[in-house]
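The values are calculated or read from the model by the stated rules, or taken from the named source; none is laboratory data. Computed from a predicted model, the values in this text were never measured in an experiment. As a convention, Cβ positions derive from the backbone with ideal geometry for all residues, glycine included, and neighbour counts pool all protein chains shown.
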Amino acid sequence: MTNSDNWTLPVDGTEQGLPYIEIAPGVRLYDVRGRYSDTFGASRTEKIGYTIHHDAIPMVAGGIDGDLARLNAIHRYHTQSNGWGGIGYHRVISPAGRTYLIGGSGTQRAHVAGLNHLWIGYCFMGDWSNSRPPEAAMHALRTMIQWETDQRGVGMYMRPHKALNLGATVCPGGWAATDAWESIVLRPSEVLVLPQGEFLPEPTVAPSAAPPDVAAARVALDSAAAALKAARAALGG
């Protein structure tokens, strides 16, 4: 998978009229791209990782109808209030663990100010400021990002939104500790373990070579993380 892929996916079935593929037992990716206006174009660079968000509006697990109502609300807000070309995330995960494909990984959407060309955006429906998303949703995230990393064939970073737009947001909530995510690199075919609030294990397999512009972005990101740690240490935090 590269940024040039058009996300033409094999269909395993349909549910309430939505085509889906079965990523793993009980984990489905529903294609809803045709339901919403979308004028986002292709990214100018390869993506280097995944950014995790929440939509910050309370929600409990329910059926597909409730999920689609929430997607409709997100679309209205992003297009009418923000003036964007569509839903700003690439994937959206419901509290029940259903994942919705909003746009291909190669599109440059609107979820990380100034860095949208580098990151694939995953968003949890619901407000998880003070609690962890339900395990069904966390399992879907684990499964989806590992599957996507396997498809891409290279190591991918993973960051909470608040780590990339420091001071501008607390998204996706307190459960996503910035420090615990700074060393995360997902590798193809590596099992990702998500204990409470942290991502482990430390990777042991080197990622494939990346294009020069992506490699430079990764070096810059690592340098920024190191500087942030040093600043915290100097402040006694």
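Output yes when any residue across the stretch 135-143 is charged (D, E, K, R) and surrounded by 22 or more Cβ atoms within 10 Å (Cβ to Cβ), and no when none is.
The answer is no; no qualifying residue exists.
Determine if the stretch 116-123 includes at least one residue that is among the β-branched types (Val, Ile, Thr), in a strand (DSSP E or B) and closer than 14 Å to Tyr50 by Cβ.
yes
For the stretch 121-133, name all the residues that are out of contact with any Gly (no Cβ under 7 Å at 6 or more places or on another chain), surrounded by 20 or more Cβ atoms within 10 Å (Cβ to Cβ) and on the phi < 0 side of the Ramachandran plot.
Selection gives Tyr122, Cys123, Phe124, Met125.
Taking the residues in the stretch 75-96 that are part of a loop (DSSP other than H, G, I, E, B) and under 14 Å from the mean Cα position of the chain (by Cα) as candidates, determine which candidate is surrounded by the most Cβ atoms within 10 Å (Cβ to Cβ).
Among them, the one singled out is Ile87.
Does Ala176 count as surrounded by fewer than 23 Cβ atoms within 10 Å (Cβ to Cβ), on the phi < 0 side of the Ramachandran plot and of a type in the set (A, V, I, L, M)?
no
Looking at the stretch 13-46, which of its residues are in contact with a Lys or Arg (Cβ under 8 Å, 6 or more places away or on another chain), part of a loop (DSSP other than H, G, I, E, B) and of a type outside the set (Phe, Trp, Tyr)?
none
Which of the residues that make up the stretch 149-161 are among the charged types (D, E, K, R), at pLDDT below 90 and crowded, with 19+ Cβ neighbours inside 10 Å? Steps first, answer last, please.
Pass one, the stretch 149-161, residues among the charged types (D, E, K, R): 150, 152, 159.
Within this subset, residues satisfying the condition of being at pLDDT below 90 are 150, 152.
Correct list: Arg152 only.
Does His117 fit the bill of being modelled with pLDDT of 90 or more, buried (at least 22 other Cβ atoms within 10 Å of the Cβ) and within 15 Å of the chain's Cα centre (by Cα)?
Values: modelled with pLDDT of 90 or more: yes; buried (at least 22 other Cβ atoms within 10 Å of the Cβ): no; within 15 Å of the chain's Cα centre (by Cα): yes.
So His117 fails the test.
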